[in-house]
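Student: Here it is: the structure, laid out below.
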């Protein structure tokens, strides 16, 4: 699991005016909090934060080095990042402290391995879930979960219960939840439906047709 380093500085006040000033100076307003810590108002360098986030999608762990006003280092997870939808400028970031002795609950990405044989047979692969919710200590938290779909044929699926997880990692999603499946092509399904409908039609005799007029 990758852990990045980021410096942060204390800020004494909050509010829209203070936040705007910080952003003009190339800083992003932030807050640090945890189960055993009081919230601390912070500011981090926006460029440094952008470098850390580049290419990452979720579960970003950071050793937060808080300077000025008493230096301290905290192991954190970016819990929330607010971004301006137009300018894409960082508006605010929340750092949540991670307790190494307590289980954490997170969504872990699913990486699919192989090509389903059902695709070669004309089927269509559907990825139902791209992540799985787990609870565990950080020390055993997997960076991702690998799922082999190469054996899936048309009509087959892989469920949560089929995933192999490391010891100490508990899955919180329902065991029967489908993660990926291979379905018959839509054209084939539609043709079968039409055929079944036609088989169910009642053919009238000439006498019945005459009676119905």
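The values are calculated or read from the model by the stated rules, or taken from the named source; none is laboratory data. Keep in mind that this is a model prediction, so the values were computed, not measured. FYI the Cβ positions are ideal-geometry reconstructions off the backbone, even for glycines, and counts take in every protein chain you see.
Student: Looking at 156, 94 in this structure, which one is under 22 Å from the mean Cα position of the chain (by Cα) and at pLDDT 95 or above?
Tutor: Within the list 156, 94, the selection yields 94.
Student: Something else about it: Evaluate the following for residue 84: is it under 22 Å from the mean Cα position of the chain (by Cα), touching a residue at least 24 places away in the same chain (Cβ under 8 Å) and surrounded by fewer than 16 Cβ atoms within 10 Å (Cβ to Cβ)?
Tutor: no
Student: Right, here's the next one. Residue 59 versus (1) surrounded by fewer than 16 Cβ atoms within 10 Å (Cβ to Cβ); (2) not in a strand (DSSP E or B): which is the lone unmet condition?
Tutor: Looking at each condition in turn, residue 59 falls short on (1).
Listed here are the residues, each with its yes/no results for (1) assigned to a strand (DSSP E or B); (2) in contact with a strand residue (DSSP E or B) (Cβ under 7 Å, 6 or more places away or on another chain); (3) touching a residue at least 60 places away in the same chain (Cβ under 8 Å).
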position: 6; (1), (2), (3): yes, yes, no
position: 14; (1), (2), (3): no, yes, no
position: 17; (1), (2), (3): no, no, no
position: 22; (1), (2), (3): no, yes, no
position: 30; (1), (2), (3): yes, yes, yes
position: 33; (1), (2), (3): yes, yes, yes
position: 42; (1), (2), (3): yes, yes, no
position: 49; (1), (2), (3): no, yes, no
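Student: Report, by residue number, each residue of region 118-143 that is out of contact with any strand residue (DSSP E or B) (no Cβ under 9 Å at 6 or more places or on another chain) and over 17 Å from residue 186 (Cβ atoms).
Tutor: 120, 139, 140 - these are the residues of region 118-143 that are out of contact with any strand residue (DSSP E or B) (no Cβ under 9 Å at 6 or more places or on another chain) and over 17 Å from residue 186 (Cβ atoms).
Student: Could you run through region 79-100 and say how many residues are in contact with a helix residue (DSSP H, G or I) (Cβ under 8 Å, 6 or more places away or on another chain) and under 14 Å from residue 28 (Cβ atoms)?
Tutor: Adding up the residues that qualify gives 6.
Student: Hey, residue 53 hits all of (1) within 29 Å of residue 127 (Cβ to Cβ); (2) out of contact with any strand residue (DSSP E or B) (no Cβ under 6 Å at 6 or more places or on another chain); (3) surrounded by fewer than 15 Cβ atoms within 10 Å (Cβ to Cβ); (4) in contact (Cβ under 8 Å) with a residue 24 or more places away in the chain but one; which does it fall short on?
Tutor: It fails just one condition, (3).
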